[in-house]
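Everything on this sheet refers to the single structure shown next.
The values are calculated or read from the model by the stated rules, or taken from the named source; none is laboratory data. Here the structure is a predicted model, which means the values were calculated and not measured. In this analysis, Cβ positions are derived from the backbone assuming ideal geometry, glycine residues included, and neighbour counts consider all displayed protein chains. Quick note on the areas: whole protein, heavy atoms, side chains included, nothing else; ligands and nucleic acids left out. Shrake-Rupley method; radii C 1.70, N 1.55, O 1.52, S 1.80 Å.
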Amino acid sequence: MSYAYLFKYIIIGDTGVGKSCLLLQFTDKRFQPVHDLTIGVEFGARMITIDNKPIKLQIWDTAGQESFRSITRSYYRGAAGALLVYDITRRETFNHLASWLEDARQHANANMTIMLIGNKCDLSHRRAVSTEEGEQFARENGLIFMECSAKTAQNVEEAFISTAATIYKKIQEGVFDVSNESYGIKVGYGNIPGPQGGRDGGNTQGGGCCS
Amino acid sequence: MDLVSKYQGYVGRVFGNENSDSNEDSYVERLLDRISNGKLAEDRRTAMVELQSVVAENRGGQLAFGAMGFPVLLSVLREERDDVEMVRGALETLISALTPIDHSRGPKNEVQPALMNSDLLSREADSISLLLNLLAEDDFYVRYYTLQLLTALLTNSPTRLQEAILTIPNGIIRLMDMLLEREVIRNEALLLLTYLTREAEEIQKIVVFEGAFEKIFSIIKEEGGSDGGVVVQDCLELLNNLLRTNASNQVMLRETLGFDPLISILRLRGSAYKFTQQKTINLLSVLETIQLLIYGGQEADPSRHTNRLTNITALVKVLDQLLMLGVESQWAPVPVRCAALQCIGDLIAGHPQNRDLLATKLLGEEPNVESALNSILRIILRTSSVQEFIAADYVFKSFCEKNPDGQKLLASTLTPQPQSMTYAPYEDDVHMSFGSMLLHGLTMSESNGDLETCCRAASVLSHVLKDNLQCKEKVLRIELEAPVPTLGGSEPLMHRMVKYLALSSSMKSNDGKSSARNTYVEPVILKLLIVWLSGCPSAVQCFLDSRPHLTYLLELVSNPATTVCTRGLAAVLLGECIIYNTSTDSGKDAFSIADAISQKIGLTSYFLKFDEMQKSLLFTSAKPALSRKPLTRSTAASMAEIEDVDENEALDQKNDHPMLVSTFDLQFVNFVKQLEGDIRDKTVEIYSHPKSQVAVVPAELEQRNGEADADYIKRLKSFLERQCLEIQDLLSRNATLAEDVARTGGSGSSGHERRPSSGAERVQVETLRRDLYEASQRLEMLKTEKSQIESEAETLKNFAAKMEAELQSLSNAYNSLEQTNIQLEDEVKALRSGGSSGGGMSAKDIEALKAEAREEAQKESEAELSDLLVCLGQEQSKVERLSARLMELGEDVDKLLEDIGDDDDAGLGEDDEEDED
Ligand SMILES: Nc1nc2c(ncn2[C@@H]2O[C@H](COP(=O)(O)OP(=O)(O)OP(=O)(O)O)[C@@H](O)[C@H]2O)c(=O)[nH]1
Ligand SMILES: [Mg+2]
């Protein structure tokens, strides 16, 4: 259960865009064809490897329905990464991106890495938002961008992993004070903190028992 | 000023205008005026101090403040942040306004100003977010008072605050940040969070998202683990709130930190013999955590089951700590030991790997190593605490459930013991096998006359035997030597158990009134026997091998001095003697048992025992397993102190003895219900089938090849006789049943004793009455049928007589024919000798004639015989149907039943007469 770093993610976006499906595909490699409305927030976790380092991802999948907005906002500040998802077959979910982004900028910490995801790309025949539009929105707002499918698993791993890679790079560059856990990053037990130029405390939180 | 006058009006309306109140009103009003309108900073501060003290000391002050003060003070908090002293003062005043002054004074239903004020404050627009904002202030006291104020708000109106806090982004995050603060603030924040997370799933999740688990465990560690103070308790309470009904949080804990931090809290350090009350509470709280994880989340949550299994598998690492606390540690207080044992039971219930692991655990140090199961058995036999017995017994219950191999393992050491071993004193039993220890316990009372140990051992034995035929058979073979060698030979263990059962009943009746103990000894031993006999004919055989057993059991079923449950269980045991009976010996077969029940008890009142038992509280409130209340600051102390149930409390009519509650767990209750159904079915079946010896097989009624007529007739005759006997048998059984019906009906009508106490019951009585009416009509029909049958029997008998007479006359005719024949032959001879050769009949002709006559006679008699037999067969089946129907009849109407009684008497009279024929 030991890891070099632990990153907290949130998944946000309109209801029905496939947030829970993305998480399930990532953690369990399964697809769920029926829409189980998420109530509040659900939790998932998985270990990945970046730069040969084990990294634990803790992922909170939030409810997209408007009525849960006030609850889900509480999760922004403590997250290191966010997957902002829209549905390429439903234009309105793309149009709402600006308001989601505004929420994130307002409540999250400034260093949060945001990945824009155009989901359901398996349904290309019903496409309502072009890849270029997605790319452009991402570029204008400084986001990473990817189209994927929770159904076919296309790009799902990549989306989660490249978000982690970006965060990892930021750590290496010393952007974060990793001893401050409120950025959604935790240094694992027994890890020699990576960044050379970083000004982190680099202690292991007094957790004597290495496993 | 506007504001103040507005609120003044409000106060007048709400609280009335008593003089004392209006004095305080005007005083508070003046102070508020000085605070909001005063020009001199110093004067405003003094006013605040005065206001605080009047609100802190005086109900009237609190009321007056509530009516007018909130807007004024909130505006101080909002607009005068720079004046730290004013802000502190305002916060202190608000805290005082929300703190109850003295509960004991004044009438109960009086308005509680503190509660009112909480409500008013939480309704003030944005008050909560204003307070949360104050948590970011630099001044220590401002943050501290703010936390206290929030806690007070939360205690008084929890849901409102929980809802409000969710709508404020970063609200909970602010509170979580307080956990990293200086100790005083941290502890206050901890307390606040425990209130905030009670039954609020979304808040629980956010708190966990914010890293609550890490923070909780690191505080616990800092505070010294289970040796720490009340802060550790608060941490654990918060932890339990986060996990209790929240599978998602359980997954989060398991997947990130794992359960190791829990193990390290359970690990006893340093002075393992010192258990302060605080330490006890801390340990109980962690044990509760373990239990919550084993339970797996909310009852209705579909993911609970998988989550539960994964948790249990991961929690197996805790087993050693649990054994330490529950079994090995001599100094752990009883509640801790109980909780640990219960966790062990939960951990192995339905989990084969964990079960097998427990079976391999060894405790103690060389040379006194023994298996953990043996140590737990010793607790069962020896503890002075009923609670501890129950918890330890639960371990065996869980271990044996659906675990035939485990049962076999335990039973393998149950072997007959030499006298010296069985009755040896208790000491130094570390080297005893499980079986010897158990047998020793079962027969303890021989040496000290106390059935308590026997009863506990019986409970364990019933787990070992449950659903395991092999073990049942094995234990059946155990013979015990007589306690006093001179008194005859050995007896089976089972008989010894029945003896103890009888002993406990007699002890009770000697006592006059029963003590708490005696309420459970009988049921526990009865449960053992019921489990033993279930599905095991040889056990039934063994039980019935001793004649007095049946008699004793029959008495116990109708013994008014014992409890509903004892009677019910005795009835169940009796029923098992019917349904699992494969014996053919008369007197011991299912028939005889059923007859004995019907004669000695009456079927209706026999089955009533089942109903009564199932209506008892024990049955209706049976739970699957032991359950505990959540530990909170207010309940913890009392839970930690309970050393044992009070005997008096146990005798309290409302609460059954905990021992009984654990005996009658849901499984056993369901098992008994199912048995009851089987018993009813089997009884009906028995009463509707004739004995095999009188079954009519048409082929057998034919004359066999080469059978002489006389033999044939003899055979038929004896067959008739047997049928006649059987008819009589059936009739007398019939009469018993009718009597039974009559008696129940009678008690129903003469029974104003029954007093329909509720409308529902009266309705029920009405329906019963209607049923009775129907039944009586059916009975009427049956009666006519019966008299028909009887008259048929009469006719048949006449037939038989007539036939005999005809046979007689036939043989007479034959004789005379023969006579004539001889004469004729003589004549022929005479004629021949006379030389005449012509005329007259030849001898051949005569022979032919004779044969013809004989044949005719035979045919006739045969036809009549078979007619008779057919009639008898018909009658037989009528009697069958009649008895079945009588079985079905429930109760009866008085009037009708008296009639029946008379008729039956008459019927019986007739029978008697027939017998004399
Ligand atoms: N074809 C296709 N369907 C998908 C894909 N992802 C999700 N869906 C479907 O879209 C529906 C909604 O998916 P969810 O993951 O439950 O949506 P959500 O974003 O979690 O919705 P909320 O929980 O209400 O916020 C489901 O019926 C999925 O089967 C995908 O990649 N391709
Ligand atoms: Mg969802």
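I'm a student and want to see the number: the projected area of the Cα convex hull of the range A:136-184, averaged over all directions, in nm².
So the Cα hull casts an average projection of 4.5 nm².
So what's the Cα pair-distance distribution over the range B:286-394, bin width 10 Å, in %?
So the P(r) values, bin by bin, are 15, 46, 30, 9, 1.
Over the alpha carbons of the range A:1-72, what is the largest minus smallest coordinate on each principal axis, giving the biggest first in Å?
Sorted from largest, the Cα extents of the range A:1-72 read 40, 28, 18 Å.
If the chain between B:V184 and B:K600 were fully stretched, how many nm would it gain, using 0.36 nm times the residue separation less the Cα-Cα distance?
142.2 nm is the gain from fully extending B:V184 to B:K600.
Can you give the mean number of other chain Cβ atoms that lie within 10 Å of the Cβ atoms in peptide B:202-210?
6
Post the alpha-carbon centroid distance, the range B:22-45 to the range B:169-214, in whole angstrom.
Result: 37 Å between the Cα centres.
How much net charge surrounds B:N156 when only the other residues with a Cβ under 15 Å from the Cβ of B:N156 are counted, with Lys and Arg +1 and Asp and Glu -1?
0
Using a 7 Å offset from the Cα along the Cα-to-Cβ direction at both B:S412 and B:K499, what is the distance between the two label points in nm, to one decimal?
The answer from the label model is 3.1 nm.
Shape call for the range B:332-385 from the C-alpha gyration tensor, a ≥ b ≥ c root eigenvalues: rounded (a/c under 1.5), prolate (a/b greater than b/c) or oblate?
Cα axes put the range B:332-385 in the oblate bin.
Relative to a virtual label point 7 Å from the Cα of B:E864 in the Cα→beta-carbon direction, which members of the range B:800-820 show backbone nitrogen distances below 19 Å?
B:800-817
Distances longer than 17 Å among the Cα atoms of the range B:539-630: what percent of all pairs is that?
Value for the range B:539-630: 52 percent of Cα pairs lie more than 17 Å apart.
Along each of the three principal axes of the Cα atoms of the range A:1-42, give the extent in whole Å, ordering the values from largest to smallest.
35, 20, 14
Where does the range B:121-226 land on Rg(C-alpha)/(2.2 N^0.38 Å)?
1.02
Taking the range B:214-368 as the region of interest, what is the percent of Cα-Cα pairs per 10 angstrom bin, listed from the shortest bin to the one with the maximum distance?
The distribution over the range B:214-368 is 11, 41, 36, 12, 1, given as percents.
Measuring from centroid to centroid over Cα atoms, what is the spacing of the range B:540-586 and the range B:311-356 in Å?
39
So what's the range B:770-876 giving for Rg/Rh, alpha carbon basis, Kirkwood Rh from the mean inverse pair distance?
1.41
Averaged over A:35-42, how many beta carbons belonging to a partner chain fall within 10 Å of each residue's beta carbon?
Mean shielding count: 3.
Along each of the three principal axes of the Cα atoms of the range B:219-308, give the extent in whole Å, ordering the values from largest to smallest.
43, 22, 20
Based on the Cβ-Cβ distance of B:L608 and B:R778, what FRET efficiency does E = 1/(1 + (r/R0)^6) give at R0 = 25 Å, to the nearest 0.05?
Between B:L608 and B:R778 the formula returns 0.75.
Pairs A:K53/B:K361; B:K397/B:K474; A:K29/A:K170; B:K588/B:K609: which exceed 30 Å Cα-Cα?
A:K53/B:K361
Taking the Cβ of B:R704 as the centre, find all other residues whose Cβ is under 12 Å away and add up their charges (Lys, Arg: +1; Asp, Glu: -1).
Surrounding charge for B:R704 is -4.
Write down, largest first, the equivalent ellipsoid semi-axes of the range B:32-159 in whole Å, where each equals the square root of 5 times an eigenvalue of the alpha-carbon gyration tensor.
23, 18, 12
Would you kindly find the accessible area of A:S124, with a 1.4 Å probe and non-protein molecules such as ligands, DNA and RNA excluded, rounding to the nearest 10 Å²?
Probe radius 1.4 Å; accessible area of A:S124 about 70 Å².
So which of B:K466/B:K499; A:K8/A:K169; A:K56/B:K629; A:K56/A:K151; A:K8/B:K317 end up more than 26 Å apart by C-alpha?
Table pairs above 26 Å Cα-Cα are A:K56/B:K629; A:K8/B:K317.
Ratio to report: Rg/Rh of the range B:364-416, with Cα atoms as the point set and Rh obtained by the Kirkwood method; give two decimals.
For the range B:364-416, the value is 1.01.
With all pairs of different alpha carbon atoms counted, what Kirkwood hydrodynamic radius in Å does the range A:83-135 show?
Computed over Cα pairs of the range A:83-135, the Kirkwood hydrodynamic radius comes out at 11.8 Å.
Quick one: how many Å² of B:F259 are accessible to a 1.4 Å probe, rounded to 10?
B:F259 exposes around 10 Å² with every protein chain in place.
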